[in-house]
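Worksheet for the structure shown next.
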Amino acid sequence: MQSRLSAQSSWLQSYYFGRAIFSIAWVAAAVVFSGQIGPAAFLLVIYPAWDAVANLADARVNGGLKANPSQALNVVVSAITALAVIVAISHSSFAVLAVFGIWAILAGVLQLSTGVRRWRRLDGAQWAMILSGAQSALAGGYMISRSVGTVAPTILDVAPYAGFGAFYFLLSAIWLFATAYRSARA
């Protein structure tokens, strides 16, 4: 049992580091390409698509989609969101931000649920994922409120959301790494 938890913790370290790196790169690309419609649109579609792929990979490593219902639902929600962003891009930036807001709420609640479920099995780092899920849901509400405003949103309205996600994933990875290091030295 201990080696299985150790393997799961090791996977989560790598997974969280990978998610953090992707989000940091995404934010950097969003800043660089914020004034270019094509690349910005691509980034807006790829962000929820990446979330779907990442949740799928994590669920598969941790017992499959059936054993991880919140992640299974997150895969579906994120994939549908990527498609909805494609449709929203043809309408307006307000529609895109509204789609992201709805997705942030749903994905946040599902991430919070996954963190709570893992809290029972794993020591450490899940508190950051729970906070991240809660903050994602709040950020979604904020994005929806901005989507009905008068100032046209841009990709830079989504970048802070991705930046905070990177922070929480990095914090979780470091926490798991430090916990494993302390355990190995004890």
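Taking the helices alone, the chain has a mean residue ellipticity at 222 nm of -29000 deg cm²/dmol, built from -39,500 (n - 2.57) per DSSP H run of at least 4 residues and averaged over all its residues. Net charge dipole, the chain: roughly 660 debye, given to the nearest 20, about the Cα centre with Cβ charges of +1 for Lys and Arg and -1 for Asp and Glu.
Taking every Cα-Cα distance in the chain and sorting them into 5 Å bins starting at zero, the pair-distance distribution P(r) comes out as 1, 9, 16, 22, 20, 13, 9, 6, 3, 1, 0, 0 percent. Per residue, the convex hull spanned by the Cα atoms of the range 105-181 measures out at 62 cubic angstrom. So which trypsin sites (Lys or Arg not before Pro) in the range 107-160 are both in a DSSP loop and have at most 10 other Cβ atoms within 10 Å of their Cβ? Qualifying residues, ordered by number: R120.
Coordinate-derived values only; no laboratory data. Everything quoted here is computed from the prediction, not taken from an experiment. Using ideal geometry, Cβ is built from the backbone for each residue, glycine included, and neighbour counts are taken over all protein chains shown.
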